[in-house]
Amino acid sequence: MEKSNNLAILILAAGTSSRLGEPKQLLKLKGKTLLNIAIEKAFELTSNVTVILGHKSEEIKKEIVNQKINIIINPNYEDGMGNTIAFGVSNIKEEKVLIMLCDQPLIPINHYEKLIKLSNKNEDKIICSKYKNQYAVPTIFPKKYFEELKKLKADKGAKQLFIKHEPISIALDDDSSIDVDTKEDWQELIKRKEYITI
């Protein structure tokens, strides 16, 4: 797939990983950190990639392999994901932003490609993923929604936009959607990694 010039990707990697007990960004799967796996996939899709860090940002920054990436630090990361998204989107200049998490390494690249293709056909619509019977990231937001994203607060993320604006969704199987919040999540992910290409 040809890279998108009008698309920015914002990788959320600012959290404290409090339930896990160590920075999830630096967990390694097949020899790569979860954050670098996310970055590699992002650069397959666009050259406009921003990682937003917060907790232990200096330690994590040292592990980022790709030097072409734009790294921003959210000083208020402890206020939650909504605050981190608002801060991150404030730094985006492209016409659309694809928001992705650093802790979902099993999402295949073709899922992101489907989101982009559908967005190109529906320029004004929010294009999101759907798994476990709910809308979720990774999601593409056109610029018309940026002001609403910038007003997000606390730990609510972008779910309120899904409620307000009916998005178009693409199904993602539950196995691929696993994110790492706890040690149990990590063990579950390790069990599946041999069967899913990262």
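The values are calculated or read from the model by the stated rules, or taken from the named source; none is laboratory data. Fair warning: this is a prediction, and the values are worked out from it, not measured in the lab. Cβ atoms come from the backbone with ideal geometry, glycine included; neighbour counts cover every protein chain shown.
Summary of values
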read-out: So T33, is it hydroxyl-bearing (S, T, Y) and touching a Phe, Trp or Tyr at 6+ places or on another chain (Cβ under 8 Å); value: no
read-out: Residue match in the stretch 154-163 (condition: more than 24 Å from Q25 (Cβ to Cβ) and not aliphatic (A, V, I, L, M)); value: yes
read-out: Sole exception among (1) within 20 Å of I92 (Cβ to Cβ); (2) under 16 Å from the mean Cα position of the chain (by Cα); (3) modelled with pLDDT of 90 or more; (4) not acidic (D, E) for I178, by number; value: (1)
read-out: Cβ-Cβ under 6 Å pairs, at least 6 apart or on other chains, the stretch 101-112 side closer than 10 Å to D179 by Cα, far side of a type in the set (S, T, N, Q) and surrounded by 23 or more Cβ atoms within 10 Å (Cβ to Cβ); value: C102/Q25
read-out: Test: residue in the stretch 178-197 that is over 23 Å from L34 (Cβ atoms), surrounded by 18 or more Cβ atoms within 10 Å (Cβ to Cβ), in contact (Cβ under 8 Å) with a residue 60 or more places away in the chain and out of contact with any Lys or Arg (no Cβ under 9 Å at 6 or more places or on another chain); value: no
